[in-house]
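Asker: Handing you a structure now.
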Amino acid sequence: LVLGPAFSPDGETLAYTEINADTYPRLRTIQADGTKDRTLALRNSGFHLSWSPDGQQIAFAQLEVYKNYSFYSDLYLSDARTGKTRRLTHGLRARDPAFSPDGKRLIFVLNKLGKSQLAILDMVSSQVEVLTEGTQENQYAHPRWSPDGRKIVLSVWHQGYQDIALFDSANRTLHLITDDPAMDITPVWSPDGQWIYFTSERTGIYN
């Protein structure tokens, strides 16, 4: 399986996750022309990732042992050149990280007691700011900052629907873009912030 490909900011490199029957799951990079395919780091689980704006680091989430017997999802950071990886959170149940346009923060989804929240990790202080109240009615996934840093697009499960929504980080309000039975997932912004691309099976198959 080849999952979650994402271009580096300069468009020259793709990072992706590979899972197969012969080797341990891994985070890999490959040049856009198909050359220099290499393993960057091992990865326990997941496939979403996010490049830092300078193209030097890749953020991702994976399951890891916590306090000897629990498996919690936490945030990690890999050097895009060396593959050296460090853990950013411990026992936080965090997933789906994405860099802010200035590279100083990570937006991510925080799970606690079955409730889903949006939160921000400050890359300098390591402080976590929770943006939304925990709720079982809305389950968040795959948040991504707009190029101007004012809004966050994400996929949200609500009232039996999986839709695309915009979260305004200033006034902390959520606005649905789609509202229908189709499964709408993994939204991303166009570089100019004018368009949002997402995956949906509204035609009967994912496109």
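Asker: Return yes when SER52 is in contact with a Lys or Arg (Cβ under 7 Å, 6 or more places away or on another chain), surrounded by 16 or more Cβ atoms within 10 Å (Cβ to Cβ) and of a type outside the set (Val, Ile, Thr) and no when it is not.
Answerer: For SER52, the condition - in contact with a Lys or Arg (Cβ under 7 Å, 6 or more places away or on another chain), surrounded by 16 or more Cβ atoms within 10 Å (Cβ to Cβ) and of a type outside the set (Val, Ile, Thr) - is not met.
Asker: Looking at PHE47 and the list (1) of a type in the set (Phe, Trp, Tyr); (2) assigned to a strand (DSSP E or B); (3) within 14 Å of the chain's Cα centre (by Cα), which single condition is not satisfied?
Answerer: The single condition PHE47 does not satisfy is (2).
Asker: Residues that are in contact with a strand residue (DSSP E or B) (Cβ under 9 Å, 6 or more places away or on another chain) and within 25 Å of THR39 (Cα to Cα): find the strands (runs of 3 or more DSSP E) completely inside the stretch 77-152 holding 1 or more of those.
Answerer: Per the criteria, 85-87, 94-99, 105-112, 139-145.
Asker: Turning to a different aspect of this structure: State all residues of the stretch 98-152 that are within 21 Å of SER190 (Cα to Cα) and acidic (Asp, Glu); if no residue qualifies, say none.
Answerer: ASP102, ASP148
Asker: Specify the residue that is farthest from the chain's Cα centre (by Cα); the eligible residues are those in the stretch 15-28 that are open to solvent by less than 40 Å² (accessible area, probe 1.4 Å) and not basic (Lys, Arg).
Answerer: PRO25
Asker: For a quick check of your reading of the model, give me the residue pairs whose first member lies in the stretch 50-65 and is closer than 19 Å to VAL188 by Cα, whose second is of a type in the set (Asp, Glu) and crowded, with 16+ Cβ neighbours inside 10 Å, with beta-carbon atoms closer than 7 Å and at least 6 apart or on different chains.
Answerer: Close Cβ pairs satisfying both conditions: ALA61/ASP74; ALA61/ASP96.
Asker: Sticking with this structure for a sec: Kindly check whether there is at least one residue in the stretch 117-126 that is of a type in the set (A, V, I, L, M, F, W, C) and open to solvent by 60 Å² or more (accessible area, probe 1.4 Å).
Answerer: Yes, the stretch 117-126 contains a residue that is of a type in the set (A, V, I, L, M, F, W, C) and open to solvent by 60 Å² or more (accessible area, probe 1.4 Å).
Asker: Within the stretch 154-207, can you find the residues that are part of a loop (DSSP other than H, G, I, E, B), of a type in the set (S, T, N, Q) and open to solvent by less than 50 Å² (accessible area, probe 1.4 Å)?
Answerer: Passing the criteria: SER169, THR178, SER190.
Asker: Now, a different point. Looking at the stretch 110-119, can you tell me whether even one residue there is farther than 30 Å from GLN57 by Cβ, of a type outside the set (A, V, I, L, M, F, W, C) and at pLDDT 95 or above?
Answerer: no
Asker: Is there a residue being on the phi < 0 side of the Ramachandran plot, hydrophobic (A, V, I, L, M, F, W, C), open to solvent by less than 40 Å² (accessible area, probe 1.4 Å) and touching a Pro at 6+ places or on another chain (Cβ under 6 Å) anywhere in the stretch 37-45?
Answerer: no
Asker: The conditions are (1) touching a strand residue (DSSP E or B) at 6+ places or on another chain (Cβ under 6 Å); (2) in contact (Cβ under 8 Å) with a residue 12 or more places away in the chain, and ASP37 fails exactly one of them. Which is it?
Answerer: (2)
Asker: Under 8 Å by Cβ, and 6 or more places apart or on different chains, what pairs join a residue from the stretch 77-89 that is in contact (Cβ under 8 Å) with a residue 60 or more places away in the chain with one that is assigned to a strand (DSSP E or B)?
Answerer: Taking only residues 6 or more apart or on different chains, the pairs are ALA80/THR13; ALA80/ALA15; ALA80/THR29; ALA80/LEU40; ALA80/TRP51; ALA80/GLN57; ALA80/ILE58.
Asker: While we're here: Out of the stretch 141-153, which residues are surrounded by 16 or more Cβ atoms within 10 Å (Cβ to Cβ) and free of Cβ contacts under 8 Å to residues at least 40 places away in the same chain?
Answerer: LYS151 - this is the single residue of the stretch 141-153 that is surrounded by 16 or more Cβ atoms within 10 Å (Cβ to Cβ) and free of Cβ contacts under 8 Å to residues at least 40 places away in the same chain.
Asker: Going through the stretch 20-46 one residue at a time, which ones are at pLDDT below 95 and β-branched (Val, Ile, Thr)?
Answerer: Passing the criteria: only THR23.
The values are calculated or read from the model by the stated rules, or taken from the named source; none is laboratory data. None of these values were measured; they are calculated from a predicted model. Positions of Cβ are backbone-derived with ideal geometry, glycine not excepted, and every protein chain shown enters the neighbour counts. Surface accessibility is based on the protein's heavy atoms, side chains included, excluding ligands, DNA and RNA. Shrake-Rupley method; radii C 1.70, N 1.55, O 1.52, S 1.80 Å.
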